[in-house]
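These notes are about the structure you will find just below.
Just so you know, all these numbers are worked out from the coordinates, no wet-lab data involved. Every value quoted in this text rests on a predicted model; they were computed, and no experiment measured them. When we count neighbours, we look across all protein chains shown, and the Cβ atoms used for this are built from the backbone with ideal geometry, even at glycine.
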Amino acid sequence: MRGKPGTDSKLIEFESGPVRASVRKSPRARRVRIRVLGDQVEVVVPQRVPFSLGWDALETHRTWVERQLSTVTLPEGHVWIDGRLHRAEYCRDDEESVELGDAIVRVHGPEFKPVLQSWLKVRAKRFAHSETPVIAKAMGVDYTKIQIRDQRTRWGSCSSRGTVTLNWRLAMAPVEVFRYVIVHELAHRREMNHSERFWAIVAQNCPEWQQRRDWLKIHGAILQIGRPAT
């Protein structure tokens, strides 16, 4: 898929899950270079080199890329939304609002973090209330209500009474990962444990569950709101 002029991009499956990768042609480049930028991978090639050579180089160095992704950190002045890294810009204002672009999120309000966190909570709530009924119907299970909470040690939970609780930080993760957590919690409506039967239910409704779970293990610690860009 072509992105900006001079670039070619696509999603590639790594051990940590799907990663947006791109090959970019640069008139300044003298050789092929691979860079891991947060949760994204960029291959820079000389202007006259075909895109295919960049993709070949990425495959050749896949092990190195995997290692870099496993130690991913949150670049200063950035935040993740829907599993994509966004530059976070802040404008002090009396009115609160958030503008989301392809690679930039602009926050307006008296304080940066509370405004962005509130916006992400609303985003998580909307997604959860939209997706959970559909997933529950497909799985043949029911639930009583959905809650979005600020959970410190878990991504979700499901009570014996059918209350599904989800972490608002899932709004920062890829939507496929968010859906996996919903499937995981709804599977507890059949099995209130983590037995083989439980994981069989999860696998039946989310075949890529291991990749989604691994993505959270690797990236979960940096699904947070830091400082805005300066």
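Here the chain is assigned +1 on the Cβ of each Lys and Arg and -1 on the Cβ of each Asp and Glu. Its dipole about the Cα centre then comes out at about 360 debye.
Counting neighbouring Cβ atoms within 10 Å and putting the fewest first, the residues 37, 170 line up as 37, 170. Which of the lysines could a cross-linker bridge to residue 125, judged by Cα under 17 Å and excluding same-chain residues fewer than eight apart? Filter leaves 145. The angle separating the long axis of helix 209-219 from the principal Cα axis of greatest extent in the chain is about 70 degrees. Rounded to the nearest 10 degrees, the angle from helix 51-60 to the longest Cα principal axis of the chain is 60 degrees. For the chain, modelled as a GNM whose springs connect Cα atoms under 10 angstrom apart, the maximal fluctuation among 69, 53, 216 occurs at 53.
Counting only DSSP beta bridges with both residues in the chain, the antiparallel share comes to about 55 percent.
Note on 165, 71: ascending count of other Cβ atoms within 10 Å places them as 71, 165, the fewest first. Counting beta carbons within 10 Å around each of 102, 142, 82 and listing the fewest first gives the order 102, 142, 82. When the Cα positions of 18, 223, 175 are compared along the charge dipole of the chain, 18 comes out farthest toward the positive end, with charges on each C-beta of Lys, Arg, Asp and Glu. Semi-axis lengths, largest first, of the ellipsoid equivalent to the chain are 34, 25, 13 Å, with √(5λ) applied to each eigenvalue of the Cα gyration tensor.
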